[in-house]
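Worksheet for the structure shown next.
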Amino acid sequence: MIKFFRRIRYDLMGKNKTGKYLKYAIGEIILVVIGILIAVQINDWNETRKVKQGSRVHLQKMILELETTKVRMEYLTSNVEGKYSFGYSALDKAVADCDSLLKLSYAGFTERDISYILNTPFIGGQASLNIQQAAYEEVKGAGGLNTLGSEELISAIKAYYSRIQRESEYTDENNLLITRARHILEDGLGRLQMDYQLDPTGFDIDNYPWLFDHTSEEYKDLQKGIYITNRWQKDTREKMLAISDLSDSLIRMIQDELATRD
């Protein structure tokens, strides 16, 4: 093709047809420019298609991680079996048991309460959030956040993961406070439950007179430790429930975005 156009130019120059040559040359330049513009446009289309395909993959991965987060939050707060790994209570039950123990303690423990006191695992295991966010970190690291969709969706994604980071830090702080509460309980309720679990046949409640003496230090520590535990377990539970709701909301937004591309 190049040789063909070159032959035409040489023919026009050889016949001294300068006017026609100039017109032809200008036309050839215009054709070249048009060809370049078309090539650039096609390249842009291809790049746009690649970006959309990439963002679709990232959004689909994000949905999977958000669904995993919802399952984990439900598992830690309201596991239908009432417990999760290592025998710890789900937070719904742990909070309810803390409330019950506190009410009983202020009413004054009786022998009817012994079985409940001895067998109630009122601490929810101090689980961290441990939320998956590999898909978000991947697209963020690649500088592709702004390719994920509408400004509303991008803002929602950024706000969600910023909230996750903040709540993870707060939950870890809550767990430290609960650990301190467990130390407060060690010499009283902690020892009582441990002795019963390790030697149930030799256990004698008469060896723990402080349990019926609300003025004893062990009794006061029991109330203090359970109160602190309950306060921060409730806070962690509320955070987990909020994260579950936020995850569900973000899933719907992402699904709506993907639906517009079908």
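A few comments on the model shown:
- Förster-model FRET efficiency, 45 Å R0, residue 61 and residue 177, C-beta, rounded to 0.05: 0.80
- Mean Cβ count within 10 Å, highest first, over the residues of peptides 194-201, 134-141: 134-141, 194-201
- Residue-count net charge about residue 240 - beta-carbon cut-off 12 Å; Lys, Arg +1, Asp, Glu -1: -1
- Where only C-alpha atoms are counted, convex hull volume of the range 60-152 per residue in Å³: 134 Å³
- Segment residue 107-residue 259, length gained on full extension (0.36 nm per residue, minus Cα span): 48.9 nm
- Extension reserve of the residue 249-residue 130 stretch, reckoned as 0.36 nm per residue once the Cα distance is removed: 40.9 nm
We did not get these values from a lab; they are worked out from the coordinates using the rules stated. Keep in mind that what you see is a predicted model, and the values were worked out from it rather than measured. Reconstructed Cβ throughout: ideal geometry from the backbone, glycine too, with neighbour counts over all protein chains shown.
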